[in-house]
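Encoded as structure tokens, the structure appears first; notes follow it.
Bear in mind that the values in this text are calculations on the coordinates, not laboratory data. Keep in mind the model is a prediction, meaning the values are calculated, not measured. Positions of Cβ are generated from backbone atoms using ideal geometry, with glycine treated the same way; all protein chains shown enter the neighbour counts.
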Amino acid sequence: MKTETRNCQNCKQNFTIEPEDFDFYKKVEVPPPTFCWKCRFQRRLAYRNERRPFWRTSAKSGKKILSIFPPESGVTVYAEKEWRSDDWDALAWGTDYDFSRPFFEQFKELERKVPHNGPHTEDNVNCDYIVNAGWSKNCYLVCNTTGAEDSAYGNAIDYCKSCFDNSHINKCERCYGSFWVRNSYQTHFSTRSTDNNSVWFCFGTKGLTNCFGCVNLINKSYHIYNQPYSKEEYEQRIEEMRLNTWSGFQRARDEAFAFSLKFPFAYLNGVFNDDVTGEYISDSKNVHYGYLINGGRDLKYVQYLQVPGAEDSYDITIWGSKNVRAYENATSGLGVSNSKFLSSCWAEVIDSEYCSTCRNISNCFGCAGLKNKQYCIFNKQYSKEEYASLRKRIIEHMNEMPYVDKKGRIYKYGEFFPIELSPFGYNISLANEHFPLTKEEALSEGYLWHDMSKTEHTITKSSADIPDAIEDVPDSILKEILECSECGGAYRIIESELAFLRTEKIPIPRACADCRYRVRISQRSKAFLHHRECECAGKTSTNGVYANFATHFHGTDPCPNELETAHGADRPEIIYCLKCFWAEIA
């Protein structure tokens, strides 16, 4: 099969299907896509409300619960333990397939009726206010997380302990305000780092202890802005910065970020990789167009697979653990094999298609909320022979009578669920982070929009009136309703957070959790790649800001390497290829 160029029916841009892509589609028995990989990514993201909880009423017990599904979605919700109990069976909502109507139209109706796990959580202990998280303990307002303890205000803080206000960190303890960090302790306001201990504002570092504002350093101690100090000098300089005060913290933060831009960035952030392209990829092999990937093998067009174990798959987004031969799945893992077009399905989902919120199923098609079932279609039980025959007829029907959305986009067998059928407003889904739209633009595309109603709170203290030093903050702040300095909304300080900030000598935040999240995520590169050249000019960077201290393979001439990088030309970072970058690591 030769390379083919096709036109995406959504964005109208041309995209390429390579011979290896055709081989994969043949292996998993799907037709080639009619949407480009970016638009396929957007669709999957539209089915993920990651961090916006709503108060709902359980349809089973009538009690008040947190839910990722807003009331306007029409989705029936149960509390987590109610949903997982054995005293109800989703086969009760089974229905015959109607060959006079498109598949996706019918599936939406079934999916709304069958009960969902409201908070989308599993096996947490003392975690009443979290969503999209599992196997965690004593956490508060944490999402997209596995195995966290004693933590709050984080997303993707997998297997972390006593961490606050972090994003995409792994196996860390007592970290604050950091992004894409792993195996670290007391690492505050740092990014792209690993194996650090007691550091502040460090970028692209490994194995540092007691360092501040360092960039691209390995295995150093008592360094400030890449310069060595004695232990006594270091401690004195840190004390002089007054990082325990809001004024000192702000000054140090601005200086550290400005300093970091004087050094080259690797065109791809990640370590221990073999043959990968994308951004934020580690411990992976043969992963292309990947984004936020740990421990992946033989993957393409994949994102947010932070829990290792995905392999031999295309177009899967979020989670990833033990996804094998998977295609076009969202938020599915823990044993997904030879399955495609899944939304929020785990664990042990085998040989199944177009299913939502199912557990331990095999050979199911178009089902929602099923547990421990086999050979079901639209939540009805069939024999093995009946299942195979009806599945074949439905696939033929999906091609003969495809779903056509409000903009005329056509969805036959082989396409993920249409965005306009998502239960989430576009603005509260992850799609809006990567493909931002205004309300008018989203509605014109036929997508839902959720108008957020502000909860009325009586502000008792302006953030400007919080004491400058953490030591001067009284216990009474736990009773205050604070005014966010960024959005003007209300927020509070919780007891465990205050104890953490006092121990780490970090000043009280002046912004709400949502605004703090946006600041962290603003440091994150986008998931899309740009064709650029290495910005090493030989002796210096091309802009003259950075002077190389090592001789590179190209000598004094400009580096000839061309790159596919998530850092666009409009960004301020100096981008080096890996050969030039690693030559400069101290």
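Quick look at the values:
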read-out	value
Calculated [θ] (222 nm, deg cm²/dmol) that DSSP helices of n ≥ 4 give over the chain, each run adding -39,500 (n - 2.57)	-5500 deg cm²/dmol
Sites Y225 and T3, calculated FRET efficiency, Cβ-Cβ separation with R0 45 Å, nearest 0.05	0.40
Rounded, prolate or oblate (a/c below 1.5 giving rounded, otherwise prolate when a/b exceeds b/c) for the chain by Cα gyration tensor	oblate
Contour minus Cα-Cα distance for D274 and K384 (0.36 nm per residue)	35.4 nm
Length released on extending from A569 to N126, taking residue separation times 0.36 nm less the Cα-Cα span	154.9 nm
Cα centre as origin, Lys/Arg/Asp/Glu Cβ charges: the chain dipole, Debye	580 debye
Global form of the range 181-264, assessed from the alpha-carbon gyration tensor, a/c cut-off 1.5	rounded
Two-site FRET efficiency, D283 against F553, from Cβ-Cβ distance with R₀ of 35 Å, rounded to 0.05	0.85
Beta bridge orientation in the chain: antiparallel %, DSSP, nearest 5	20 percent
The range 545-557 - phi-based ³J(HN,Hα) in whole Hz, Karplus 6.51/-1.76/1.60, Gly and Pro as x	6, 10, 9, 5, 9, 10, 8, 9, 4, 9, x, 8, 7
Set K171/K579; K322/K380; K407/K454; K63/K108; K2/K412; K26/K340 screened for pairs whose C-alpha atoms are more than 20 Å apart	K171/K579; K322/K380; K407/K454; K63/K108; K2/K412
Dipole magnitude (debye, nearest 20) for the range 313-360, charges at Cβ of Lys, Arg, Asp, Glu	120 debye
Share, in percent, of DSSP beta bridges within the range 277-399 that are antiparallel, nearest 5	5 percent
Projected label distance in nm at V545 and H434, using a 7 Å step from Cα toward the beta-carbon	2.7 nm
Which of N132, N273, A90, positive extreme of dipole for the chain (C-beta unit charges)	A90
The range 1-90 - percent relative contact order, Cα under 8 Å, separation 6 or more	17 percent
Relative contact order for the chain, counting Cα pairs under 8 Å that sit 6 or more residues apart, in percent	11 percent
Most to least packed among 19-29, 177-187 [average Cβ atoms within 10 Å]	177-187, 19-29
Pairwise FRET efficiency - K64 versus K27, Cβ, R0 = 35 Å, nearest 0.05	0.15
Simple spin-label estimate for D96 and S496 in nanometres, 7 Å along Cα-Cβ	5.3 nm
Simple spin-label estimate for K171 and D468 in nanometres, 7 Å along Cα-Cβ	4.2 nm
Length added when fully stretched, T455-T503, from 0.36 nm per residue minus Cα-Cα	14.1 nm
Prolate/oblate/rounded label for the range 130-247 (Cα gyration tensor, a/c 1.5)	prolate
Over the range 277-399, relative contact order from alpha-carbon pairs under 8 Å, at least 6 apart, %	10 percent
